[in-house]
1. Under a Cβ-only charge scheme (Lys and Arg +1, Asp and Glu -1), can you give me the dipole magnitude of the range 32-129 about the Cα centre, in debye to the nearest 20?
2. Using the per-residue mean of other Cβ atoms lying within 10 Å as a proxy for protection, in what order, highest first, do the peptides 76-84, 41-49, 108-116 fall?
3. Once the convex hull of the C-alpha atoms of the range 32-129 is built, how many Å³ does it hold per residue, rounded to a whole number?
4. Given a Förster distance of 35 Å, report the FRET efficiency between Ser145 and Ala83 from their Cβ-Cβ distance, rounded to the nearest 0.05.
5. Rounded to the nearest percent, how much of the accessible area of the range 32-129 (1.4 Å probe, protein heavy atoms only) is carbon and sulfur?
6. Across the range 105-112, in residue order, what do the Karplus-derived ³J(HN,Hα) couplings come to in whole Hz, using 6.51 cos²θ - 1.76 cosθ + 1.60 with θ = phi - 60° and x for Gly and Pro?
7. Could you give the nm distance between label points at Lys104 and Gln51, where each point is 7 Å from its Cα heading toward the beta carbon?
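The values are calculated or read from the model by the stated rules, or taken from the named source; none is laboratory data. Please read all numbers here as calculations on a predicted model, not as lab measurements. Cβ placement follows ideal geometry from the backbone for every residue including glycine, while neighbour counts extend to all protein chains displayed. Ligands, DNA and RNA are excluded from the accessible area calculation, which covers all protein heavy atoms including side chains. Shrake-Rupley method; radii C 1.70, N 1.55, O 1.52, S 1.80 Å.
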Amino acid sequence: MQHLRLTLGALALGPAFALAQVQINLPMVPKEAVFNVPLNFNNLPPAVVKQIQVGCAVYASVNPPVNDNEAPLAGGGETVNLANGAYNGTVKVSFTVPATDVAKVKSWRCRTFAIGPTLNQFNLDLWQNLPDAAKPAPGTSPKTSASGKYD
């Protein structure tokens, strides 16, 4: 809980009343988390991938998690449709962090997922496991997630 402590000196009342404290509890307020995620997907086979989902979350750990073992404090996602196997643009992901968790947020992570007739939210961090038709070109190393510390 957030506190505001005011110290009032009542010097005119003498030494017995020289210091009085008043504590005022301010209400906790939820906070909107907003992530603008740039996407650049090209040449994905429409028979395999129809949509890309961007999922973002905030965590209590100082370092962002590298797997799904830590539950997020809050998170959200947005899904975009591919046009001819491509999407190039910025996806805005926003969600509300509950008031009770705002002060706990220490890190964040955003990831992309492929969705299609044969894929149900396939984590693109694991792109090497995609069907051959959807794998990136040889010699490329796609960046399909990002994370960082929260300031």
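1. Dipole magnitude for the range 32-129 comes out near 100 debye.
2. So the order, starting with the most tightly packed, is 108-116, 41-49, 76-84.
3. 100
4. So the FRET efficiency works out to roughly 0.90.
5. 50
6. Taking θ as phi minus 60°, the curve returns 5, 10, 8, 9, 8, 10, 9, 10 Hz for the range 105-112.
7. 2.9
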